[in-house]
Structure formats: structure tokens, C-alpha cells
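Here the structure is laid out as C-alpha cells; the discussion comes afterwards.
The values are calculated or read from the model by the stated rules, or taken from the named source; none is laboratory data. Every value quoted in this text rests on a predicted model; they were computed, and no experiment measured them. Here the Cβ positions follow ideal geometry from the backbone for every residue, glycine too, while neighbour counts run over all protein chains shown. Heads up: the accessible areas ignore ligands, DNA and RNA and are worked out on the full protein's heavy atoms, side chains in. Shrake-Rupley method; radii C 1.70, N 1.55, O 1.52, S 1.80 Å.
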Amino acid sequence: SQLIRTYIDINDTPENIANNLILKTVEIEEVIQRKIDKHIVIWKVISAVNHPDSDHMSVCQVDLGSKWQFQIVCGAANVQWAKYVAVAMEWAFFPQAWITIAPRKLRGVDSNGMICSKNELWINEDTDKPWIWELDKDLEVSDEDLGTSLTDKFEWLDSYVLDIDNKWLTNRPDLTGHFGVAWEFNSMYKPQWKIWFSALPKYQQDFETTNMLDFLEHGEKKWKKSVICETEGLNNYILLE
């Protein structure tokens with residue numbers, strides 16, 4: 001994932017990284033390449049009114065500022081209050097569903113594109129919510145970005161995703177976040193000199209002078225136990241019993 005590079009950069013292929021994780025840490029079910037079509041661009045919802053022949057669809061006017069304005073029919077409830085959205089224009093291709101976006105009528109109303117959810121862009125967040133992605137809730141966007149391809153603005157969205165088998169995370173909750181995974185890669189790759197540090201050394205320096213028992217304020221201290229060990233490539237280790 002490009003998000004890992006916030007902390008550490010690895011000079012290795014996604015497939016080799018996955019194999020190393022399988023051998024040393026967790027089972028990887030799949031290596032997924034996320035490539036978002038350039039026809040998916042940043043638009044702004046100008047208005048959304050109820051569809052005349054549907055109780056759950058909205059007829060939306062979406063705008064690229066001074067360039068274009070299109071009508072799109074959308075079934076997500078939050079389009080009624082959404083502002084900046086990702087719109088799949090005509091010819092946008094979705095390989096996971098093997099469909100190409102084209103103008104069509106939905107319940108008799110013209111629709112010229114599709115307003116996308118995170119799930120439709122292979123972003124595995126909020127998968128339990130049938131909502132479109134409100135870009136300004138997660139990203140910094142403005143009217144100046146209207147009409148810009150989503151991945152031209154946010155290059156890191158084109159990325160690789162390593163799908164980890166959930167049962168392996170039971171005893172490794174630190175791997176549920178990118179920060180914890182970056183520490184794992186530090187231990188795994190440091191002897192091979194295939195890594196370049198981004199923000200990780202700063203966190204390491206901060207924690208060198210931090211009392212971890214004070215840092216972990218949840219739980220009673222009498223149940224906490226510190227274990228000190230030395231292992232090549234391993235900077236810190238904490239065991240809580």
C-alpha cells in the first residue's frame with residue numbers, strides 16, 4: 001500500500017512482500033492491484049431531488065465548475081447532502097464487475113454516469129454502508145479540483161492491497177493499522193537494507209523516552225508486565241498479560 005510509505009519505503013515487489021509475510025508473520029490471501037480508471041473524476045453535487053418514479057433514488061445535478069454539468073441518477077441516501085464526489089464518466093471501466101459506464105435511463109430518467117462509493121473503487125472501508133464516497137470527509141478537495149481525475153489528484157489511490165487472513169490478527173492487533181505493519185516490515189527487511197525510512201525513526205525516538213506503562217493508560221497497572229528482549233532488527237517488544 002502507498003499508505004505504508006508514510007512510515008517506511010520498501011524496495012521489493014508486492015508479491016515478494018506478500019511471500020515474506022506468509023513465511024514470517026501472517027497468511028496473505030490475495031495481492032490486489034487497485035487501479036482506478038482515469039475517467040473517474042472529482043465532481044460537485046449541485047442539487048439532488050427525489051426521483052419521480054422511485055422512493056429511494058435521487059436525480060442529481062453534478063458540476064465541474066465552468067466546464068460541464070450532468071444529470072446522474074443515484075440510489076445512495078447521502079447524496080442528498082454530499083458535496084464533492086467521485087463520478088465515473090462515460091467509458092469508465094470497472095474490472096471487478098466487468099462493466100463500462102455509459103449513458104442510460106433509470107426508471108425513465110436520463111443518467112450520464114455513476115457517483116461512486118468506496119467499495120466500487122476497491123477501498124475497503126464503510127463496506128456495510130450503501131453510501132457514496134463524500135470526498136471532502138477524507139481528503140482535501142476544493143472547487144479548483146473539479147474535473148480532475150481522482151488519481152491525478154491523489155496518486156496513492158493507485159496501489160496494491162495485501163488481503164490478510166483475519167484469523168492471523170487475533171494475536172497480532174498491531175497489524176490492523178499501517179503503523180504497526182510498518183514496524184513489522186522494519187524488523188523483516190532491515191537486515192537486507194531494502195528499506196528507506198520516512199516517519200518511522202521519529203516515532204522510534206519518541207518512544208525511546210516514553211514509559212510504556214504510562215502510555216498504556218487503559219487497564220490496571222498491576223496486570224501489566226514489561227518484558228525486555230534483544231533481537232536483531234527488532235526495536236521494541238511489549239507483552240501484556
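Which members of the stretch 175-184 meet the condition of being open to solvent by less than 40 Å² (accessible area, probe 1.4 Å), in contact (Cβ under 8 Å) with a residue 40 or more places away in the chain and under 19 Å from the mean Cα position of the chain (by Cα)? It would help to see each step written out before you state the result.
Taking the stretch 175-184 first, the residues open to solvent by less than 40 Å² (accessible area, probe 1.4 Å) are 175, 177, 180-182, 184.
This time we only want the ones that are in contact (Cβ under 8 Å) with a residue 40 or more places away in the chain, so: 175, 181-182, 184.
Selection gives Leu175, Val181, Ala182.
Here's the yes/no breakdown for (1) closer than 22 Å to Glu155 by Cα; (2) in contact with a Pro (Cβ under 7 Å, 6 or more places away or on another chain); (3) open to solvent by less than 30 Å² (accessible area, probe 1.4 Å):
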site: His56; (1), (2), (3): no, no, no
site: Lys83; (1), (2), (3): yes, no, no
site: Ala92; (1), (2), (3): yes, no, yes
site: Gln96; (1), (2), (3): yes, no, no
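So, in the stretch 87-100, exactly how many residues are in a loop (DSSP other than H, G, I, E, B), under 23 Å from the mean Cα position of the chain (by Cα) and not small (Gly, Ala, Ser)? Spell out how you get there, then give the answer.
Let us first name the residues in the stretch 87-100 that are in a loop (DSSP other than H, G, I, E, B), namely 89-92, 95-98.
Okay, now just the ones that are also under 23 Å from the mean Cα position of the chain (by Cα), so 89, 92, 95-98.
Still in the list and also not small (Gly, Ala, Ser): 89, 95-96, 98.
Residues flagged as in a loop (DSSP other than H, G, I, E, B), under 23 Å from the mean Cα position of the chain (by Cα) and not small (Gly, Ala, Ser) within the stretch 87-100 amount to 4.
Just one of (1) modelled with pLDDT of 95 or more; (2) polar (S, T, N, Q); (3) under 18 Å from the mean Cα position of the chain (by Cα) trips up Ser58, so point out which.
All conditions are met except number (3).
Quick grid of which residues meet (1) surrounded by fewer than 13 Cβ atoms within 10 Å (Cβ to Cβ); (2) touching a residue at least 12 places away in the same chain (Cβ under 8 Å):
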site	(1), (2)
Gly113	no, yes
Asn119	no, no
Asn124	yes, yes
Asp128	yes, no
Ile132	no, yes
Leu135	no, yes
Leu146	no, yes
Leu150	no, yes
Pro173	yes, no
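Which of the residues spanning the stretch 101-139 are more than 18 Å from Val73 (Cβ to Cβ) and either of a type in the set (Ser, Thr, Tyr) or more than 17 Å from the chain's Cα centre (by Cα) (or both)?
The one that is more than 18 Å from Val73 (Cβ to Cβ) and either of a type in the set (Ser, Thr, Tyr) or more than 17 Å from the chain's Cα centre (by Cα) (or both): Thr127.
Go through the stretch 6-51 and report how many residues are in a strand (DSSP E or B), open to solvent by 70 Å² or more (accessible area, probe 1.4 Å) and either touching a helix residue (DSSP H, G or I) at 6+ places or on another chain (Cβ under 7 Å) or not β-branched (Val, Ile, Thr) (or both). Walk me through how you get there before you give the answer.
Going through the stretch 6-51, the residues in a strand (DSSP E or B) turn out to be 8-10, 28-34, 40-50.
Now narrow it down to the ones that are open to solvent by 70 Å² or more (accessible area, probe 1.4 Å): 29-30, 33, 46, 49-50.
In the following step, the residues that additionally are either touching a helix residue (DSSP H, G or I) at 6+ places or on another chain (Cβ under 7 Å) or not β-branched (Val, Ile, Thr) (or both) were identified as 29-30, 33, 50.
Of the residues in that region, 4 qualify.
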